[in-house]
Each structure stands twice: as C-alpha cells, then as structure tokens.
Amino acid sequence: MILGKGAYLKQLTAATMQMKSVEVGKEMAGSTPPSVFIGSYNYPDIYAGPMIAPVHGDTGIMDRPEDWISGNHPQEEIIGYRMNLVRGKRLTNAFDIENRFVEKLQEIVLSENSIESEASFETAPSGLSFSEEHTPFGPSAPLERFDITAQRWDQTLEKVYYDTDLLSKEAVLGLHRQGTAFSTIQKAFSAGTMGRGGNRHLVPTRWSITACDTMIGDNLLKSVKQCPVIDTVRLYEYASLHNRYAVILLPTAWQYEWTEAFLHVLGNEEYVFSDYEGFKRKVGYSPLGGCYYSCKMAVLEELAREQRQAGAIILREALPGYVPMGVFNVRENVRSAMRERPSEFEDLKSALSYVGGRFTLPVQRFITETTLLQESLRQRQCTLSDFAGQAARKDTEGPAPDIAGTA
C-alpha cells in the first residue's frame, strides 16, 4: 500500500466537498427525522445538536439507512436527503446530560416519528460534511435557540430509557434482538439514553456506530462459534452505489477477512486495503475503520439466524462515481448480499474464478493483499498462476458492466 486508507479517504472526501447543500437563513422551522449528531473533536467538550430539514411532515427517510439500499434508492437521491439536513450544534460536555438542551436531543432520538422543530442560529448555516464513517449532512452552525414539539416516544426505547439499572450493552443487544433498526439503536446509544443512571453520557456519533456494530457482532459471534460448520463453499453477491461485494463463506471454523479496493475513483488510483482476524477476537482497532466491524456484524447476523458457522472472506470494490457516505454503505450492502440465495462451489478456487469474471480488479490482485485468503488457497494447493489466464481473458472481453445506482 503506497497510501494508507485514512490518508486516501481524506483525499476522497475532500473531492466531494464541491457538492451543494441546502441554503437556509439564521431562522429555521422544519422537521427532524428524528436525528442528532454528536461530534468527537476535543472530547469530552464536544459539539452536539439536532439535524433538521427545512420541510414539514415525515422526514424519516432522510435518516433511515436501512431503507436506502433495500429500497433501491439511487446515490443521488440519498445524497439529496442528507444535503437537506441542517446541523445545529452547541458546545456541550459529554458527561453533563442533566440540562434541557441534552434532554431535547434525547427526546428526539426516543421519538416514534419526525418532530417539528424551530431553530435560531448564530450565523447562517454553511458547508457540508462527507465521511466514510458517518452519513453525510448539509450545512451547520451554532445554535442560539432550539425548540421542539412534544412527540410520542417509541415504547421499546422508552422502556430502556427508564431502566436505569440496565447496562448499555444489554440495552443495545436487547433492542437488536427485538428487531429495532440499527440506526435507531445507535442514535439512542449516542444520545446517552442507555446505561446505569450515573454512567450515562453522550457518545460521539462516529464512535457510537462502531461501538454498536462491535457489541452486536461480538454477541452474535459467541453463538455462531457453537454452531456446526457449513459443508460447502458459498458465494453471496450484491452491487449498488458504485460498489460490488462478494461474500465467500468457507467450510471452516470462524475466521474473517475484509478486503476493499478503490479503483479510479479520483483518477488512475488502484488501492487495496485488507485486515483480518482468526478464531480468537481481534486485538486493537482495525486500521480499516468502522467498515471492518459493520461488515463483520452483517455476516454474523445471517450465520446466527441460520445457526451455522463459517469462515468469511469479503471482497469489495468501489468504482468511479463512488462517494463516501458512511459505514451504513457496507453494512446494508452486505446485509442485502446475505439475503440473496448463494451460489455454491466445490472449492475456493472455483468461487474465486467466478468472482474474477464479475469484478473489475483481477482476483490475483486481491489475493496478493490478503492474509487469510492466501492461507486458504495454500491449504488447498492453489497459486496465483491459477487465476492469471482468467485475467487475460477478461482484458480481451472488455470492462465489467456498469453498476451505477443499481441494487
């Protein structure tokens, strides 16, 4: 890797800052989806506040990532939702949650539906934000005043809020078991509505996403490790938002590798990044960021549902037109892949040969950047030369089909 993923994503997100967001003045009335954003800079003294759209009524779709991929919403439409969300912010200590401003943020995330809101800003909101970790949003500005109307709370969230003896981890896991949307759980966790009374605090949005993915994923993995191993090689596929995904499940005990390629998104670059873990839990935070944990959780959801165990090797390629919009992109695409009927193969080599015909990047390039994939091939006595002929054939056949906006 000539360039680390973090440095590359900074270049990529800088390129998206040329997009336009909604224009609003210093006074604004509208609806929050419901949505809040908790910053991480200078933690624990952070900027927190609501996300408001300058329209009235049901704005839930603007902050419901679970519906975007499964509902075949095109990239332009999703970005449009997000650029119409205005972020109000106020400097707040993460541990000072017993004040009216934070209480309003908690009322927002606990609400069953969108909430009518009014805000006054110190200056007219400006700018926008894109990130590989969190969903993008439009202009922002410090708040002078912020008011919301009363709204009915989600009963499952309300029960968790009033249970001050329940650990936040158990709250997250319980809500997930009940089928509560991940984005709803994450926002409630971030706004400090869970946990034992005196320990409650605000959690930056970016941190809370990975924390919830990790808590849910680790809990699912405990169950999956007790299940029988699958008996064949499976391949799950999905493509949307200028991304392709291939989830390969191996008939082995749990092991996991996430490999992603960024191909000509900015120009002529071809970067491949990879990280893995074996049967034991990974030590330390992955250099690939939150997408590593989002993908892992999505795969484990399906294995736990089926009560089976497998090794998981996931390949992703981001193609021209790709825009970083947060780890929901990975989580929901992999979830969609796992809902598809898998193809079955006699061995890993056959599965990779099939993937090679579907992906733009030659399979051998993925292999050279991986650890578990290489080891699995060696155990089955496969080499890079086994895939060289296939790459040559693909060069003569022309490029892979365009997947812009498809799902």
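The values are calculated or read from the model by the stated rules, or taken from the named source; none is laboratory data. All of these numbers come straight from a predicted model, not from anything done at the bench. Please note: Cβ atoms are built from the backbone with ideal geometry, for glycine as well, and neighbour counts cover all protein chains shown. Side chains are part of the model used for accessible areas, which takes the heavy atoms of the whole protein and leaves out ligands, DNA and RNA. Shrake-Rupley method; radii C 1.70, N 1.55, O 1.52, S 1.80 Å.
Assorted remarks:
- For segment 43-85, the Cβ-based charge dipole about the Cα centre amounts to some 60 debye (Lys, Arg positive; Asp, Glu negative; other atoms uncharged).
- Given charges at beta-carbon only (K, R positive; D, E negative), |dipole| of segment 107-228 in Debye: 580
- Built amide H within the under 5 Å cut-off of V233, gap 5+: F345
- Mean residue ellipticity (222 nm) of the chain, computed from DSSP H runs ≥ 4 via -39,500 (n - 2.57), nearest 500: -11000 deg cm²/dmol
- All Cα pairs of the chain, percent lying beyond 32 Å: 37
- Charge dipole (the chain, unit charges on Cβ, about Cα centre) - positive-most of S208, G311, F189: G311
- Protection proxy ranking, highest mean first, for peptides 112-124, 280-292: 112-124, 280-292, where packing is the per-residue count of other beta-carbon atoms within 10 Å, averaged.
- Order by protection proxy (mean Cβ within 10 Å, highest first), peptides 363-372, 222-231: 363-372, 222-231
- Peptides 48-55, 135-142, 232-239 ranked from most to least packed by the mean count of surrounding Cβ atoms within 10 Å: 48-55, 135-142, 232-239.
- Within the chain: Cβ-based charge dipole about Cα centre, in debye rounded to nearest 20 (Lys, Arg +1; Asp, Glu -1): 760
- Think of the chain as having a plus end and a minus end, set by charges on the Cβ of Lys, Arg, Asp and Glu; of G284, Q155, P342, G284 sits farthest toward the positive end of this dipole.
- Alpha-carbon Rg with Dmax, taken over segment 91-157, Å: 13.8, 38
- Compactness of segment 247-344, taken as the C-alpha radius of gyration over 2.2 N^0.38 Å, stands at 1.10.
- Normalised convex hull volume, segment 116-273, alpha-carbon set, Å³ per residue: 182
- The ellipsoid that matches the Cα gyration tensor of segment 186-242 has semi-axes, each √(5λ) in whole angstrom, of 32, 19, 6, with the longest given first.
- Rounded to whole Å, sorted largest first: equivalent-ellipsoid semi-axes of segment 137-193, Cα gyration tensor: 25, 14, 12
- Kirkwood hydrodynamic radius (C-alpha pairs) into Stokes-Einstein, segment 7-90, 10 °C and 1.306 mPa s, D in µm²/s: 110
- Normalised per residue, the accessible area of the chain is 42 Å², obtained with a 1.4 Å probe and no contribution from ligands, DNA or RNA.
- For V36, residues with placed amide H under 5 Å, excluding near neighbours: M51
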